[in-house]
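Heads up: the structure comes next, in structure tokens.
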Amino acid sequence: MRILLFTGKGGVGKTTLAAATAARLARSGRKALVISTDPAHSLGDALDVPLVGEPVEVTSGLFAAHLDSRALLEGAWGELRGHLRTVLSGAGVDEMVADELTWLPGVEELLALGEVRRLAQTGPWDVVIVDCGPTAETLRLLGLPEAIGGYLERLYPAHRRAMRGLLAGIAGGASPNRGGAAQAGPRTAVRNWDAAVDALGRLAEQVAALRDMLADHHTTSIRLVLTPERLVAAETRRTMTALSLHGLRVDGIVANRVVPPIAPSTRGPAARWVRARRAEQEEVLGELSALWGTGPSAMAGDRSVKAVPYTAAEPIGVDALVEVADALYGDDEPLAGSDAPPLLSVRRTAGDGTDLESEFELALRLPGLDKGAPLELTRIDDDLAVTLAGVRRLVALPSVLSRCEVLGARIGVDELVVVFRPDPQVWMSR
């Protein structure tokens, strides 16, 4: 089973291409589910059918759904917030403050991604196509499992111990609240906290499962959609770098609304405009193809930027979408994409054995990396926090590098290289 996510700048046609890919796969005899996580739903409009939160069969083998973020919020997350509010209220926290403290930024996106995983696991699908929101929202969406997972792993044990200590103090005797009534007794408080702990545990398990799903490059990949314009292409390059920094696989780039060629004999203002527009698009596509298909991080497989011609009529309905997919893929397999090499690689550049004068390089493969992008490196225990152009990721250091100190970094072609040297204080202590 494959999961393929489509994203791109708003208005470039990612919904159309996601739906078209799913329709083509269904026509080939496979069961395909296309889901929209974009708050501005237009998937139903493209398919010309009304959609709901649960999958409906549009045509033979093709299923579709719009995820209902409100229903997801009122489900499992509502239960967890209820448990936490009860615990905080029992500890004397004002009800309105407790309500604010139990709200997690980005929870709607996290729940949407969790629903994608649930549907992928429980349905009969051969492939799940996800119509994501615009690139900025998608980067936040795909980065959440790692960010929240790290938060839970680091803070949950300490948080639980602190609350256990608080409840032990409460067990010494209930105190009256402002209205004169006794607060909940210690046994009730413990039961409330145990329920919250169980809910937090389930959330941590779900987040871990989402991280595993996104990190499985054999199952999950991302396809970037753009229109061949310089501003859109620049955003696409930044998106490629950010997704790679998150450890996610980009398996292809699709250029939509490419102006078709015009006969040389055609004259007039409209013909001049079409030629100028096509020439500009061809220049942008050439730059993108060079970026996508060259460099030390070039991947095996088809490295071309696929193009979809601009059509006179807007493609609406399954038949029109299949025509778009045929123009996009031709005789190629829609799920075929380039194979990604490892995100991280470590190499020794000086010394040998346990020599204190050894030197190591950690290379992070980041296609589309801008040499002028602002870079910040921070060591946090055995992790390296990399912040590049506003995108931050914690990179777990291999054992040998966890005993080293950072000397510096440089940005090469499609990669960030961080230089390490053994830390004399810990080099031989682990």
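Among V391, V426, V400, V346, which is touching a strand residue (DSSP E or B) at 6+ places or on another chain (Cβ under 6 Å) and of a type in the set (V, I, T)?
The match here is V346.
Checking W273 against (1) among the hydrophobic types (A, V, I, L, M, F, W, C); (2) surrounded by 21 or more Cβ atoms within 10 Å (Cβ to Cβ); (3) part of a helix (DSSP H, G or I): exactly one of these is not met. Which one?
Looking at each condition in turn, W273 falls short on (2).
Just to be sure before I move on: is A255 small (G, A, S), in contact (Cβ under 8 Å) with a residue 40 or more places away in the chain and in contact with a Pro (Cβ under 8 Å, 6 or more places away or on another chain) in the structure I sent?
Here the answer is yes, as A255 does meet what is asked.
Look through the stretch 229-246, keep the residues that are more than 11 Å from the chain's Cα centre (by Cα) and polar (S, T, N, Q), and return whichever of them is modelled with the lowest pLDDT.
Checking each candidate, the answer is T241.
How about the stretch 361-374: which of its residues are within 22 Å of the chain's Cα centre (by Cα), free of Cβ contacts under 8 Å to residues at least 60 places away in the same chain and either more than 16 Å from H246 (Cα to Cα) or surrounded by fewer than 16 Cβ atoms within 10 Å (Cβ to Cβ) (or both)?
Answer for the stretch 361-374, where residues must be within 22 Å of the chain's Cα centre (by Cα), free of Cβ contacts under 8 Å to residues at least 60 places away in the same chain and either more than 16 Å from H246 (Cα to Cα) or surrounded by fewer than 16 Cβ atoms within 10 Å (Cβ to Cβ) (or both): just P374.
Being part of a strand (DSSP E or B), modelled with pLDDT of 80 or more and among the acidic types (D, E) is the filter here, so list the residues in the stretch 339-379 that pass it.
E359, E361, E376
Output yes when any residue across the stretch 49-57 is within 28 Å of V254 (Cα to Cα), outside any loop (DSSP other than H, G, I, E, B), at pLDDT 65 or above and in the same structural domain as G317 (by TED's automatic domain parsing), and no when none is.
Yes, the stretch 49-57 contains a residue that is within 28 Å of V254 (Cα to Cα), outside any loop (DSSP other than H, G, I, E, B), at pLDDT 65 or above and in the same structural domain as G317 (by TED's automatic domain parsing).
Taking the stretch 1-33, which residues are farther than 11 Å from L226 by Cβ, among the hydroxyl-bearing types (S, T, Y) and crowded, with 19+ Cβ neighbours inside 10 Å?
T15, T16, T21 - these are the residues of the stretch 1-33 that are farther than 11 Å from L226 by Cβ, among the hydroxyl-bearing types (S, T, Y) and crowded, with 19+ Cβ neighbours inside 10 Å.
Name the residue, out of D414, D382, that is touching a Pro at 6+ places or on another chain (Cβ under 6 Å) and either of a type in the set (S, T, N, Q) or modelled with pLDDT under 85 (or both).
Matching residue, one of D414, D382: D414.
Quick one: count up the residues across the stretch 406-418 that are surrounded by fewer than 16 Cβ atoms within 10 Å (Cβ to Cβ) and touching a strand residue (DSSP E or B) at 6+ places or on another chain (Cβ under 6 Å).
Number satisfying all stated conditions: 3.
I'm checking my understanding of the structure. Among residues of the stretch 385-397 that are closer than 16 Å to V346 by Cβ and modelled with pLDDT of 80 or more, which one is surrounded by the fewest Cβ atoms within 10 Å (Cβ to Cβ)?
By that ranking, first place goes to V395.
Of the residues that make up the stretch 403-410, is at least one among the charged types (D, E, K, R), at pLDDT 80 or above and not in a strand (DSSP E or B)?
The answer is yes; a qualifying residue exists.
Quick check: is even one residue across the stretch 320-335 free of Cβ contacts under 8 Å to residues at least 24 places away in the same chain and not assigned by TED's automatic domain parsing to the domain that holds V58?
Scanning the stretch 320-335 turns up no residue that is free of Cβ contacts under 8 Å to residues at least 24 places away in the same chain and not assigned by TED's automatic domain parsing to the domain that holds V58.
State all residues of the stretch 13-45 that are not in a loop (DSSP other than H, G, I, E, B) and not hydrophobic (A, V, I, L, M, F, W, C); if no residue qualifies, say none.
K14, T15, T16, T21, R24, R27, S36, G44, D45
Limited to the stretch 361-393, what total is found for residues that are farther than 22 Å from T135 by Cβ and touching an Asp or Glu at 6+ places or on another chain (Cβ under 9 Å)?
3
The values are calculated or read from the model by the stated rules, or taken from the named source; none is laboratory data. Source: prediction; values computed, not measured. FYI the Cβ positions are ideal-geometry reconstructions off the backbone, even for glycines, and counts take in every protein chain you see.
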